[in-house]
Amino acid sequence: MNAVPPPRRPIRELNDELISQIAAGEVVERPASVVRELVDNALDAGARTVTVRLAAGGVRAIVVEDDGGGIAAGELPLAVKRHATSKIADLGELERVSTMGFRGEALAAIASIAELQITSREPGAAHAHRIDAHSGELQPAARAPGTTVEVRELFFATPARRKFLKTDATELAHAVDAVRRHALARPDVSFAVWHEGRLVAQWRAAAPAQRLADVLGADFVAASRELQRDAGPLQLRGRLGLPEAARSRADHQYLFVNGRFVRDRLVAHALRAAYDDQLHGSRQPAYVLFIALAPELVDVNVHPTKIEVRFRDARAVHETVRRAAEDALAPSRAAFLPATAPTPATAPAQVPTAAAPPAWQGALALDHAAAWIAREPSPRAWPAVHVLHNAPGGAPGEGWAAWQALRGAPPTPSDAAGAPMPVSTPHDAAAAGDWPLGRAVAQLGGVYVLAENAHGLVIVDMHAAHERIVYERLKVAAAAGADGAALPAQPLLIPVSFAATAAEIATAEAEHDTLHALGLDVGTLSATTLVVRSRPAALPDADPAELTRSVLVELAQLGASRVVQRARDDLLATMACHGAVRANRRLTIDEMNALLRAMEATDRADQCNHGRPTWRQLTMKDLDALFLRGR
Ligand code: ADP
Ligand code: MG
């Protein structure tokens with residue numbers, strides 16, 4: 001069958017209305033998109049209070065009121081014109097843009113698919129003016145200084161789009177979500193959302209930490225860690241959910257770049273990588289992260305809805321975010337337990353409490369940490385031990401040794417794969433009631449260690465916990481000693497060749513040394529073929545071509561250092577599993593106590609390498625509840 005070519009039509013310029021409707025197709029997906037644009041405008045106008053009123057999930061009506069700087073009567077007709085903006089005037093300003101809007105198309109696009117009216121008054125004006133976008137009619141109106149934008153009958157002119165909308169309840173949820181994102185980014189501004197005359201969400205101006213708790217809930221705050229880092233041109237702050245607060249969907253991931261909510265695969269990947277060996281692959285971490293950097297270091301003009309950005313130095317951003325997140329997540333939760341039951345009258349100010357994770361993590365200087373240990377040689381100084389232990393440049397274990405010396409106990413013999421359990425002294429056992437994870441009392445079923453601490457009962461999965469301890473030690477040793485050394489390679493009797501893309505070949509050639517360090521000897525056979533001559537000795541069953549391909553993909557995306565580190569970590573995890581104490585081995589009380597102490601001093605000790613918890617606390621309250629015992 002020969003298709004008949006369609007008759008040729010002349011090229012014509014589109015009319016303004018149609019151009020705006022096409023733009024609206026990109027900018028306005030649903031009522032929530034309109035809400036986002038209008039609230040962006042209110043914030044750009046310096047509003048301190050923003051009120052959103054919706055009818056029928058926003059499809060019938062979206063009204064956004066603000067108390068910002070308003071629009072001069074003479075400029076109202078321009079506000080609804082395509083490509084008319086007060087926010088940028090030239091290319092230089094586009095490259096340094098710090099307002100939410102700058103494309104000058106939102107109001108025009110919305111007006112092309114809905115009824116739109118603006119009522120606005122500048123602070124100095126005698127009264128307000130109101131414009132109807134369709135008729136262009138301008139009239140005097142009554143209003144306090146600020147702006148009200150009313151959008152009615154969304155998609156009335158484009159019924160096909162309207163069919164894609166979900167139920168009112170779903171559209172309302174999306175609209176509230178849009179305001180929630182603004183509320184996270186701007187704690188200094190009050191927000192309210194009304195639906196059909198009912199108040200459905202409200203956030204009053206508050207300090208940043210309070211706003212975070214107001215928006216995401218106290219549960220999230222309690223199950224998360226603070227992240228704060230100034231890394232040259234990049235400033236990061238936020239909170240990262242602990243692994244146990246992870247979710248099956250990526251619906252609790254809030255990322256802001258210079259105050260703008262964005263989706264960014266690079267940053268999402270960097271954060272996920274920080275959870276790599278603490279979270280099952282299918283689980284999604286919850287987090288909120290604010291990245292601030294000079295506007296010229298990030299391009300915000302890459303997507304019509306400004307939901308995506310492009311970083312000038314993507315690798316540096318990835319690296320900085322991942323490291324900061326790893327550091328925030330590393331300390332074991334035991335560090336946050338008060339060693340003794342909280343007694344406010346006598347507790348020194350620095351004692352971290354379980355209710356409010358302390359700020360010592362980022363703030364505590366090293367010398368402060370050392371002074372703290374000297375001043376207070378008790379388990380209360382545990383966080384200081386942790387700081388020393390992880391000091392960049394400091395010998396690994398330094399804090400631990402300092403601590404042991406203060407306690408009058410010999411340092412724990414350094415552990416390695418296959419090494420025996422650490423040994424502790426009776427002195428330790430006697431004092432162990434003061435420790436965050438408590439004093440061992442028994443072993444259960446050859447699997448669990450039971451301990452008593454100030455809060456009640458601690459249950460430890462001994463294999464999982466020891467595996468993590470061995471793994472973290474191997475990582476420290478590998479980072480300190482074997483940096484740059486190659487993983488052992490196993491030459492292939494018959495080299496494997498495979499068809500490769502131009503990009504794969506380019507990466508293979510550029511990263512030849514990195515591949516070699518991973519035990520992969522990869523060469524170029526032709527313009528379309530690569531050959532693998534060795535694979536890592538630790539992976540004797542791996543398909544060399546598959547392995548090489550996936551490593552090339554990662555190398556192209558992530559850079560050499562990250563890939564090498566991950567490969568090492570995978571290998572060390574396997575070694576750790578073999579090195580850790582097996583189930584059904586009887587431990588002495590001293591061995592159990594030594595395990596608890598080692599957990600307290602080990603990063604990420606709360607999860608085994610596969611993301612399962614290593615210990616649980618049952619408080620006296622939990623136990624009372626079990627026995628229906630009123631206290
Ligand atoms: P953009 O925000 O990209 O400039 P818009 O179409 O969203 O484009 O808005 C056009 C212009 O209308 C803005 O540049 C601003 O000057 C003005 N404007 C819109 N909303 C408000 C508001 N709530 N308060 C003050 N001025 C506003
Ligand atoms: Mg705008």
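The values are calculated or read from the model by the stated rules, or taken from the named source; none is laboratory data. Because the structure is predicted, anything quoted here is derived from the model rather than measured. We place every Cβ from the backbone using ideal geometry, glycine too, and count neighbours over all the protein chains shown.
List of remarks:
- ALA84 satisfies every condition listed in (1) near ligand 1 (Cβ under 7 Å from one of its atoms); (2) crowded, with 22+ Cβ neighbours inside 10 Å except (2).
- Of all residues in the range 504-529, those that are assigned to a strand (DSSP E or B) and surrounded by 13 or more Cβ atoms within 10 Å (Cβ to Cβ) total 6.
- Checked against (1) touching a residue at least 24 places away in the same chain (Cβ under 8 Å); (2) farther than 18 Å from PRO304 by Cα; (3) in a loop (DSSP other than H, G, I, E, B), ALA89 passes all but condition (1).
- Test result for ALA24, farther than 25 Å from ARG310 by Cα, outside any strand (DSSP E or B), away from ligand 2 (no atom under 12 Å from the Cβ) and out of contact with any Lys or Arg (no Cβ under 8 Å at 6 or more places or on another chain): no
- Single unsatisfied condition, PRO31 versus (1) at pLDDT 95 or above; (2) within 14 Å of ligand 2 (Cβ to nearest atom): (2)
- Any chance ALA79 is in contact with a Gly (Cβ under 8 Å, 6 or more places away or on another chain), farther than 24 Å from LYS163 by Cβ and either within 13 Å of ligand 1 (Cβ to nearest atom) or modelled with pLDDT of 95 or more (or both): no
- In summary, helices (runs of 4 or more DSSP H) completely within the range 530-631 and bearing 1 or more residues that are modelled with pLDDT under 75 and of a type in the set (Gly, Ala, Ser) occur at 560-579.
- Subset of the range 170-185 [of a type in the set (D, E, K, R) and in contact with a Lys or Arg (Cβ under 9 Å, 6 or more places away or on another chain)]: GLU171, ARG181
- Applying the criterion of at least 1 residues that are within 16 Å of ligand 2 (Cβ to nearest atom) and at pLDDT below 95 to the helices (runs of 4 or more DSSP H) found wholly in the range 99-189 leaves 106-113.
- Index of the failed condition, ARG82 passing every other in (1) in contact with a helix residue (DSSP H, G or I) (Cβ under 7 Å, 6 or more places away or on another chain); (2) assigned to a helix (DSSP H, G or I); (3) more than 11 Å from ligand 2 (Cβ to nearest atom): (2)
- Single match in ARG161, ARG143, ARG130 (criterion: charged (D, E, K, R) and away from ligand 1 (no atom under 15 Å from the Cβ)): ARG161
- Any hit, the range 316-328, residues being within 16 Å of the chain's Cα centre (by Cα) and more than 29 Å from ASP606 (Cα to Cα): no
- The range 609-631 residues that are over 17 Å from ALA454 (Cα atoms), paired with ones that are of a type in the set (Phe, Trp, Tyr) (beta carbon under 9 Å, 6 or more apart): ASN609/TYR471; GLY611/TYR275
- For first residues located in the range 53-71 and over 17 Å from ASP40 (Cα atoms), partners that are away from ligand 2 (no atom under 16 Å from the Cβ) and among the basic types (Lys, Arg) and lie 6+ apart or on another chain with Cβ distances below 7 Å form the pairs ARG60/ARG152; ALA61/ARG152.
- Candidates ALA106, ALA128 - the one that is out of contact with any strand residue (DSSP E or B) (no Cβ under 6 Å at 6 or more places or on another chain), crowded, with 20+ Cβ neighbours inside 10 Å and over 14 Å from VAL50 (Cβ atoms): ALA106
- Among the residues of the range 266-287, those that are part of a helix (DSSP H, G or I) and within 23 Å of PHE311 (Cβ to Cβ) comprise LEU266, VAL267, ALA268, HIS269, ALA270, LEU271, ARG272, ALA273, ALA274, ASP276.
- Taken over the range 40-73, the criterion of being in a strand (DSSP E or B) and within 13 Å of ligand 2 (Cβ to nearest atom) is satisfied by VAL64, ASP66.
- Candidates ALA32, ALA42, ALA24, filtered to the one that is within 9 Å of ligand 1 (Cβ to nearest atom) and among the small types (Gly, Ala, Ser): ALA42
- Count - residues of the range 288-319 that are surrounded by 15 or more Cβ atoms within 10 Å (Cβ to Cβ), of a type in the set (Val, Ile, Thr) and either in a helix (DSSP H, G or I) or free of Cβ contacts under 8 Å to residues at least 12 places away in the same chain (or both): 1
- Considering ARG229, ARG225, ARG239, the condition of being part of a strand (DSSP E or B) and in contact with a Pro (Cβ under 7 Å, 6 or more places away or on another chain) is satisfied by ARG225 alone.
- Flag: GLU472 does not match the condition of being farther than 23 Å from THR588 by Cα, modelled with pLDDT of 90 or more and acidic (Asp, Glu).
- Filtering the range 555-563 for residues that are closer than 21 Å to TYR471 by Cβ, among the small types (Gly, Ala, Ser), surrounded by fewer than 17 Cβ atoms within 10 Å (Cβ to Cβ) and touching a Leu at 6+ places or on another chain (Cβ under 8 Å) leaves an empty set.
- Count - residues of the range 100-122 that are more than 14 Å from LEU154 (Cβ to Cβ), of a type in the set (Ser, Thr, Tyr) and more than 7 Å from ligand 1 (Cβ to nearest atom): 1
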